[in-house]
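Data block below; observations after.
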Amino acid sequence: MPPGGSGAPPSPVRPRKKRSATGAVARTSAGRNGSPGAGRMTMTDPRQEREPFVPSGPQREAIEDLDGPRFIAAGAGSGKTGVVTRRFVHAIAAGKAGVDEILTITFTIKAAAEMMERIRDLLRRRELTGIEPDEEQRERMARAYRDIERARISTIDSFCSSLLRENALMAGVDPAFAVADQSQALIMREEAFDICLERFIREQEEAGRGRQAVDLVSAYDDRLRGDLFRQVGQIYDVFRSRGQEPSLPAAPVDAEGCEADLCRAVREIRDGLRREGKEGKTADALLEAADAVSAALEQADARDRLEALAGVGPKRNKVGNLKLEIDAFADAYQAYAAELRSVLARDTLDMFARLLSAFHQEYSALKERRGVLDFADLALGARDLLRDRATRDRVAGRYKLIMVDEFQDTNHLQYEIVHLLSGGGGNLCLVGDENQSIYGFRDAEVELFRREREKARSGGYLTSLTGNYRSHGDILAFVDSIFNRRDMLGDGYLKLEPRAEPDGRADDRRVEVIFVDQGRTCKAEGLKSAVTDVTRPAEAQLIAERLNQLYGEGGYTAADTAVLLTTRKDADKYRDALEKNGIASYLAIDISYYSKLEFSDVLNLLRLLVNPLDDLALIAVLRSPMVAVSDDTIYHLRLARDEGGGASGMPLWPLLEDPEAITGLDEGEAARLAAFHEACVRLRGDARSQSLSATVRAAIRFNGFDIAVATLGKQRLANLLKLIDLAVDFESVWGSSLAEFTSFLEHQKLKKIKESEAPVEEEGVDAVRIMTVHSAKGLEFPLVVLPKLEARKGSGRDGPPVLLVDRPEEPGAPPSRVGLRYKATGDGGSLAGKAFEYEQLEEEAKAREAEELRRLIYVAMTRAKSHLILCGTGNAEKYSEADNPFNWIRGAYSLARKDRPDLDSLASVEGPGGLEVGLSLCTDPQSAVARLAEAEAGITGGGDMELSSDLGVMPGPAVFVPSHVSPTALDDFRSCPRRYYLGNVLRVGGFRRRGTGRAAAAGLDSSGMGTLVHAVLERAAFPTPDVLDVDDSYLGALANAELDEPPAVTAGDVERARQLLAAFSRLDTGREVVAAAAEGRLLRERDFAIMVGRTIVAGKIDALVLGDAETVVVDYKTGVASDGDEDDLLEGSYGYQLAAYALAAGRMRPQPVRVVLMFLGGGGAERVSRFETDQLADLELRLAAAIDDMQASTFPPLDGFDSGQCPFCAAGPQGAGICMTRRQ
């Protein structure tokens, strides 16, 4: 079971209301712990359930058979929770146990609360299953109802925490220990690792292993970005979830045996060639390979041998009758190269083992010093207590019945705790479903479920619940058609029997497939891969259109609907399409909470309370809605400091003690500054004597800030109030230090930690919920949409793990095999590769991931009650070999023109068992994208001007008043108003800035390369000059982290990136940036937002150099500088960017600003503009005029057309000629 279920839920706050397409108010909601609100889901008030419960035979057996162990394999929708709660009540009524003698372990706090409420209601109504209780039973149930608060219904974390507090002395922990949540534990782990790494290198140097320790860091974290910390942390968590001390197993190497096999294979190849008498290129190449291998074997050193063997291995080509000999030669070559790599990797593996042990010791010591435990500590401590016989007998003796729900998601450690508690298992009831085990990425072990099920089967105490009371029969038949094969869910598959009551709906087909054919689009554009910027929006638009049809014809509502995703990626695309089509939605997925503007405003105030001499925090607060002083006031503050004889580096805060002495301030501004200063001083004083949460609450209310934010929407106010919850949680672990809490928040923002927005709850929600399949587990919806089914889950942002260990069959047994992704310093990558048993372990891990993906899709499909929509993209001409969910469906229902030549004309297809499934095949994704653009402009279905399939004539512009705009968008508008209208207002796909192009079949396009070069410079460990040291693995990891659809990185990409970064190092400003970093004067990736009239101009500054005499803004551009006039950059294509950067920097620090555009292409060039403080007002007027022009514009096309600007220009690559003037 995933840890963290016992964490405190966030406080509920009501949301802001959103207008639907009809003008009615649609309300969004999220329930506690971040899951959706009640709506039409299963988490309903049990007191509303008044229908008599009539159990099936297996259900009755599971409820009433209390003598001995019971294993309940409960299929999806089989009434599992009802069975567990009634088993609890039946045990009480039968006198088998008192209310506090039943231990029930559930998956989450929410599930525990629901179970408690259901049991309470059954006891209150004195309800037993199918019978009327006698007087004695009624008395027992009445007594249990009075004592229900004593019931032990909790998560495993909560149970372990209680056990440790009760036995703190014996467990060796502080009875008042705090439990760190995942964010708090991450910070402590980082701190422990930093201490441990420094000590580790020093100790290894003292022991004569300093070179190996330094090589480890150099090879695996040369940029000190935290890669080594993540790699050690990954394997550390594996051991902890298994309840084991972190200790890597030994890795035996048999290089000599493999060398003998290779020598024998070489001899047999030579003998075979002589015997066959074969000649020619293929035979010569085989002989050359044999000679090269023999020469490599003459090298004395393993490193030299491996380098000599690189790239000389044999190819498995056909040469006469030598197939067996060639295969043996190739296998022996690969095996020996792997063994040589393992020989070289032994020192590295030893260093990892020592570092892992050192980290464990340091992290444990740090937690002990602070009186803190993490979630793994709770389970480990409870397990250790229960291993003591006396303690185990005392604790286990309290419970006459133990029930564990969601047992399929249990890990080794939790499994051991459960079995220690239950003794021989005679009072243990395990409940779960193998097909719903989807937490392997958190170290859940489905094999434990299978093991216990087989023991129950052989012991005669297995009960299988296969009746499904949730889904329509056609949905279950479809699920069965996909998964009832041995290669899908195997022997653990439970065929579900439809038992749901008729839903009264008249849907023609309960299951339908939306298929976006990317094949013709790719062929038309000469691409081998999907045009994702077309197909993904097209799919989203088709989903929105189908939902609107079902809402109008099928009687469904938005509140009935859930869009379930396997990953968070692209969630915003589906949300945007829904809302552009008038469908209210709620995104119940973790986002970057710490980047919200309202959060940043409060964080700046907290920084100021900690250190009033922090000028950046002070100016940010003064410019925020908390104080909202004018630019003139900031200017006069800076002027007063300089005129007073202070150096430009002196802080501004002392000037606020007497603002009336500041020359040039009017009385109102002076009074405002005086009141602000007095309030800050008072708040600082209060912070010393009150709780941290009280200080945060006061900061939120500072000068009515909370009221101002509330006018912008309830969600924003909820985000502010969530800070109070964060402060309470932080205080419980770390104490009430405002400085440490502020540092914690800055850390979360810097690391871009994902955190959901504050949940907002209202009853009667009328919005589509967009959520992950994991968060939808345990819920049900009348209408479920599963998009993007052609995508597979990847290995995540951090790439594949560096270390792998095996999963022993016996619980608690230590691993016996280890694998390492070996890297060596200074070898250029020729020696790197998989060492020891990594390749086999990786294959095993991939097989488990493939199994879990099948279970994940099964869970997603079985959330649907009445209607299921499945969506994906692919080439409709033929099948691909990719193992993904959409291909499973296509294969089962023959969705390819090679099998169904009439596929384009079909509205439905018949599959296994005669089930008819609806089909909507989109062969023109561009048309769907155009309709999405129309929907945004508010003209869907109503205008008399319609876009043809070739985009035809564009409609006239809608009224457009941007609330937010970027400087780049302003420059785009000046470049070509019509193209800006298409790309930024209508959001038609395919309109890119100049210099960008579509991705080729492999490799990065210009936009992707720019993103990655920016990421390198953002993360570079200045002042170390390491930006040139990029390789394919590093660039590939960056692509996975930064790009939505990362392509495979090519050698050409690496060379291109190195050229761009070399230009950075050569340019004067590049050296200035590095020097500023060394002196602590560099800020990177700095967000800014400036108000210009009613519009916010917002963007990001790549680098900000803080100088005494001026502020330097650096903007990296990976293109080539033009040969235009450098003296008048404001009139050029980047003019509005320059103006916005200068104005933003000038408002941050009122002093002259130098803006440098660093063009890294073409060998590198700089374009520099300098602005004095008295020019800032003119820059604001310039931006305001541009925005006014935009609002008043009819977005005309250019007189002349530039095919490099617009792909839809008649002279451009698509040649559609969309502009009215051009067509005329």
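Values in this text are rule-based calculations from the coordinates and carry no lab data. Since the model is a prediction, treat every value here as computed from it, not as a measurement. Neighbour counts run over all protein chains shown; Cβ positions are idealised from the backbone, glycine included.
Using a ≥ b ≥ c from the Cα gyration tensor of the stretch 355-493 (square roots of the eigenvalues), is it rounded, prolate or oblate, where a/c under 1.5 gives rounded and otherwise the larger of a/b and b/c decides, a/b for prolate? Could you put the intermediate results ahead of the total?
On the way: a/c = 2.78, a/b = 1.61, b/c = 1.72.
Note, shape of the stretch 355-493 comes out oblate.
For the pair Glu746 and Ala1078, how long in nm is the line joining their label points, each one 7 Å along Cα→Cβ?
Simple spin-label model gives 2.3 nm for this pair.
Kindly rank 1004-1012, 277-285 from highest to lowest mean number of other beta carbons found within 10 Å of each residue. It would help to have the intermediate numbers written out before the result.
On the way: 1004-1012: 20.3, 277-285: 12.3.
Result, highest mean first: 1004-1012, 277-285.
Kindly flag which residue pairs out of Lys367/Lys777; Lys722/Lys777; Lys834/Lys1117; Lys80/Lys455; Lys367/Lys400 have an alpha-carbon separation exceeding 28 Å in this structure.
Beyond 28 Å: Lys367/Lys777; Lys834/Lys1117; Lys367/Lys400.
Once you have a ≥ b ≥ c as the square roots of the Cα gyration tensor eigenvalues for the stretch 144-244, tell me rounded if a/c is under 1.5, and otherwise prolate or oblate according to whether a/b is larger than b/c.
It comes out prolate by the Cα gyration axes.
Please work out whether the stretch 593-750 counts as rounded, prolate or oblate from its C-alpha gyration tensor, where a ≥ b ≥ c are the square roots of the eigenvalues and a/c under 1.5 means rounded, while otherwise a/b larger than b/c means prolate and anything else oblate? Can you show the working numbers first?
Working: a/c = 2.07, a/b = 1.65, b/c = 1.25.
Taking the square roots of the gyration eigenvalues as a ≥ b ≥ c, the stretch 593-750 is prolate.
Taking 7 Å along the Cα-to-C-beta vector as the label spot, tell me the Asp327-Arg398 distance in nanometres, rounded to one decimal.
In this crude label model, Asp327 to Arg398 measures out at 6.2 nm.
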